[in-house]
1. Please identify every one of the GluC sites (Glu not before Pro) in segment 7-89 that sits in a loop by DSSP and has no more than 10 other beta carbons within 10 Å of its own beta carbon.
2. Counting other C-beta atoms within 10 Å, and keeping those with at most 15, which DSSP coil trypsin sites (Lys or Arg not before Pro) do you find in segment 3-45?
3. Take every Cα-Cα pair in segment 31-70 and report what % of them are more than 11 Å apart.
4. Loop sites only, by DSSP: take the chymotrypsin sites (Phe, Trp or Tyr not before Pro) in the chain that have at most 16 other C-beta atoms within 10 Å and name the longest stretch containing none of them.
5. For a Förster distance of 22 Å, can you work out the FRET efficiency between the beta-carbons of Arg15 and Thr67, rounded to the nearest 0.05?
6. From the list (i) 62, 22, 15; (ii) 47, 25, 23; (iii) 65, 26, 15, can you say which value of Cα extents along the principal axes in Å was derived from the structure given?
7. Is there a quick way to get the dipole size of segment 1-75? I mean about its Cα centre, with the Cβ of Lys and Arg at +1 and of Asp and Glu at -1; what is the value in debye to the nearest 20?
8. Roll a 1.4 angstrom probe over the protein heavy atoms and tell me the percent of accessible area of the chain that is carbon or sulfur.
Amino acid sequence: MRLDKFLKVSRIIKRRAVAKEIADQGRITINGKIAKSSSNVNVGDELVINFGNKTLTVRIDDIKDTTKKNEAENLFTVVAEEYKEDYQV
């Protein structure tokens with residue numbers, strides 16, 4: 001499955017267009033390699049997603065074409081969630 005579609009189906013990112021934009025900016029890696037929105041993801045892959053002030057690391061547990069909202073959280077496991085501190089003076 002394409003990376004941008006997985007991010008939308010799993011509800012890690014709400015809209016596919018936003019997932020595509022983030023991936024094409026080089027802010028997502030799959031198993032340590034920079035990924036594009038068209039990159040394929042597989043069960044067991046580890047994604048690192050850099051949001052503005054947060055870095056989210058997830059492991060893919062399952063892949064489905066569609067899910068209900070309550071089933072989406074079963075598609076991945078959050079490995080780490082790190083927040084960057086802003087030092088403003």
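1. Values: sites: Glu21, Glu46, Glu71, Glu73, Glu81, Glu82, Glu85; in loops: Glu71, Glu85.
When the GluC sites (Glu not before Pro) of segment 7-89 are filtered for loop state and at most 10 Cβ neighbours within 10 Å, Glu85 remain.
2. The qualifying sites are Arg11, Lys14, Arg15, Lys36.
3. Working: 559 of 780 pairs.
Here the long-distance tail beyond 11 Å is 72 percent of all Cα pairs in segment 31-70.
4. Values: sites that count: Phe51, Tyr87.
Value returned for the longest uninterrupted segment is 1-50.
5. On the way: r = 15 Å, r/R0 = 0.70.
Rounded to the nearest 0.05, the efficiency is 0.90.
6. Looking at Cα extents along the principal axes in Å for this model, the match is (ii).
7. Numbers: 16 positive and 10 negative charges, 68 e Å.
Roughly 320 debye for segment 1-75.
8. Values: 2630 of 5810 Å².
Result for the chain: 45 percent of the exposed heavy-atom area is carbon or sulfur.
The values are calculated or read from the model by the stated rules, or taken from the named source; none is laboratory data. Please read these numbers as outputs of a predicted model, since none were measured by experiment. Note that each Cβ is placed from the backbone with ideal geometry, even for glycine, and that neighbours are counted across all protein chains shown. To get the accessible areas, we keep the full protein, side chains included, count just its heavy atoms, and leave off ligands, DNA and RNA. Shrake-Rupley method; radii C 1.70, N 1.55, O 1.52, S 1.80 Å.
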